[in-house]
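Peer 1: Got a structure for you, written out below as structure tokens; questions coming shortly.
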Amino acid sequence: MEVTTQCDGTRGRTAGFFLPLYGTTQCIYNSRKKSHTMFEFHRNERARQLRPSLSRSWLLVRANSSEEVFEEAFESEADSIIIDLEDGCPAEEKDAAREQVVRMLNSGVVAWVRINAITTEHWWKDVKALKNVKGLRGVMLATAEHATDIDRTAAELPPGTPIIALIESALGVHHSIEIARAIGTFRLAFGAGDYRRDTGSSATPMALAYVRSQLVIASTLGGLPGPIDGPTLGAYGADLSKACGYANDHGMTGKITLDIRQAETINAAFSPSELEIEEAHQMLDVPLDGPRDGSYLPRYLRAKKVKELAKVYGLWGKTDSDFQRASK
């Protein structure tokens, strides 16, 4: 399926829908040279077509980053890219960074944008600037604490714009069910660093277990995909897989990252494991011969879900060596 992206801001469409960030070519405006530079972004077919509801790795990129950083981010294995107008930009740089984001999104780039909290003066500037851009995939709203935060944000953006509610305070956790049920909410995400500053909690899995469980429960009650866990800074390989495991065990289905080197590990950690796929094969490939107890239907439905996800992520039918390479 060919996707075309032109420097005049138009994009190829399929069945009437804009495809997400993963077009074959994107155009980034060079604000220093006052010109347009074409970058080739090579995304595999799986990543290019992956629905954001199934995105596992969410890469935050500072809005005032260099062209080289953007190019590297867009070519990474991260499932979704979020251009950051909040913590990634000092207050004195936000206006210039916002202008750059608008130029990018009007020049063929399609991406998510993290906007500032509704309680700040920058929120209004963010939503006003993004209201008519062409390439806005969705927004992540910082410090979401009330369902009305989502309602007000949705009212200022193009109709149907997906909003990821970033829960990063005790009040946000307290109101997480109402936030999840707000019409504009697409997914919940956990801002662990700011939550810890707000509450004084530690970063141990036990200290954060309640919040992770609460966001999973809120997402379920709100009919949303699983929530997105906060970033784990400076961890790679087995350490990062272990950190992802804590979130995965609670029912979270993705993770924010600030480091493109973490993307592949996060993707692997939030995908069905080799054992889960093997068990799904056993359940689905061989019809049960004999009576079925009360556990059969839940196990059967779980196996179907594992199969669906494994096929989406390109894992159904992989060999042992394939899994070993993916987990490194």
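The values are calculated or read from the model by the stated rules, or taken from the named source; none is laboratory data. All figures in this text were calculated on a predicted structure; none of them were measured in a lab. As a convention, Cβ positions derive from the backbone with ideal geometry for all residues, glycine included, and neighbour counts pool all protein chains shown. The protein model used for the area step is the full one, side chains on, heavy atoms only, and it has no ligands, DNA or RNA in it. Shrake-Rupley method; radii C 1.70, N 1.55, O 1.52, S 1.80 Å.
Peer 1: Looking only at the range 173-198, which residues are open to solvent by less than 60 Å² (accessible area, probe 1.4 Å) and either more than 22 Å from residue 60 (Cβ to Cβ) or hydroxyl-bearing (Ser, Thr, Tyr) (or both)?
Peer 2: Answer for the range 173-198, where residues must be open to solvent by less than 60 Å² (accessible area, probe 1.4 Å) and either more than 22 Å from residue 60 (Cβ to Cβ) or hydroxyl-bearing (Ser, Thr, Tyr) (or both): 175, 176, 177, 182, 185, 195.
Peer 1: Of all residues being surrounded by 20 or more Cβ atoms within 10 Å (Cβ to Cβ) and polar (S, T, N, Q) in the range 101-132, which is farthest from the chain's Cα centre (by Cα)? Just the residue, please.
Peer 2: In this case the residue turns out to be 107.
Peer 1: For the subset of the range 118-139 comprising residues that are of a type outside the set (S, T, N, Q) and assigned to a loop (DSSP other than H, G, I, E, B), which member is farthest from residue 74 (Cα to Cα)?
Peer 2: Residue satisfying both the conditions and the ranking: 118.
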